[in-house]
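Read the structure below first, then the notes.
The values are calculated or read from the model by the stated rules, or taken from the named source; none is laboratory data. The model shown is predicted, which means the values in this text are computed figures rather than measured ones. Cβ placement follows ideal geometry from the backbone for every residue including glycine, while neighbour counts extend to all protein chains displayed. Surface accessibility is based on the protein's heavy atoms, side chains included, excluding ligands, DNA and RNA. Shrake-Rupley method; radii C 1.70, N 1.55, O 1.52, S 1.80 Å.
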Amino acid sequence: MLRYGLTGGIASGKSTVAGMLRELGFPVMEADRVAHEVMEPGQPAYSEVVSVFGRTILNSDKRINRSSLAAIVFNDHEKLAQLNGIIHPRVEEEMLRQFAELERSGKYAAAFVEAALIFEAGLHKKLDGVVVTWCLLEQQLARLMERGLSDAEAGKRIALQMPVAEKLALATEKIDCSGPLEETRRQVRTFAEKLGPSSLGK
């Protein structure tokens, strides 16, 4: 079974492409969801995150308030690196465990992990390839502003990430998400055909 990463800049179409791959029968895991899970009370990263960032990031039920944490790390490169250093090893361990489980099932030709920081975290070295989604900078900004961020906040989030040109240079496959949805779907189908049947039982 091939193990692929799916990444791209923030608001560049990753989740859209992930949905299309799922429709075609491929399993797509979400690193973000796992990152949230490992920060729940009693989970591996919880006490370390609270110890580094302080109890002010906690809600009244003692869960980590992700908005409070984001407000700290998205304004400080060093703190973002600290958080990533705590979270990434735990997320990677869980992703590799899930890949192994899917492979043991013998059902799939390929499986994917959708993650914003595949290259930054070095996870690509443990994968067979990485699909990078991309769109125009002004589209990223517009999409982030639609999600409620100000122009300045949106620009800051994009600036904190690895430049898209660097990601594209490391990509095994590139999906252009700047055009109509059907065009993105066509590219995803073409890529999926190279991988063989999504479910080996079909």
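Considering each of Val73, Val113 in turn, give the residue that is modelled with pLDDT of 95 or more and touching a Lys or Arg at 6+ places or on another chain (Cβ under 9 Å). Show your work before the answer.
Numbers: Val73 fails: modelled with pLDDT of 95 or more.
Step by step, each of Val73, Val113 is checked, and only Val113 is modelled with pLDDT of 95 or more and touching a Lys or Arg at 6+ places or on another chain (Cβ under 9 Å).
Give me the helices (runs of 4 or more DSSP H) completely within the stretch 22-118, filtered to those with at least 2 residues that are free of Cβ contacts under 8 Å to residues at least 24 places away in the same chain and surrounded by 16 or more Cβ atoms within 10 Å (Cβ to Cβ), ordered by residue number.
Those helices (runs of 4 or more DSSP H) span 46-53, 66-73.
Can you tell me which residue in the stretch 130-147 is farthest from Thr16 (Cα to Cα), limited to those that are surrounded by fewer than 15 Cβ atoms within 10 Å (Cβ to Cβ) and of a type outside the set (A, V, I, L, M)?
So the residue we want is Glu138.
Mind checking which residues of the stretch 153-183 are open to solvent by 30 Å² or more (accessible area, probe 1.4 Å) and part of a loop (DSSP other than H, G, I, E, B)?
Leu160, Gln161, Met162, Pro163, Thr172, Ser178, Gly179, Pro180
What is the one condition in (1) over 30 Å from Ile72 (Cα atoms); (2) loosely packed, with under 15 Cβ neighbours inside 10 Å; (3) at pLDDT below 90 that Arg186 does not satisfy?
Going through the list (1) over 30 Å from Ile72 (Cα atoms); (2) loosely packed, with under 15 Cβ neighbours inside 10 Å; (3) at pLDDT below 90, Arg186 breaks only (3).
For residues that are part of a loop (DSSP other than H, G, I, E, B) and either out of contact with any Cys (no Cβ under 7 Å at 6 or more places or on another chain) or of a type in the set (D, E, K, R) (or both), tally how many sit in the stretch 119-137. I'd like the intermediate steps shown before the answer.
We begin by selecting, within the stretch 119-137, every residue part of a loop (DSSP other than H, G, I, E, B); these are 119-122, 127-128, 135-136.
The next check asks that each one be either out of contact with any Cys (no Cβ under 7 Å at 6 or more places or on another chain) or of a type in the set (D, E, K, R) (or both); those that pass are 119-122, 127-128, 136.
Of the residues in that region, 7 qualify.
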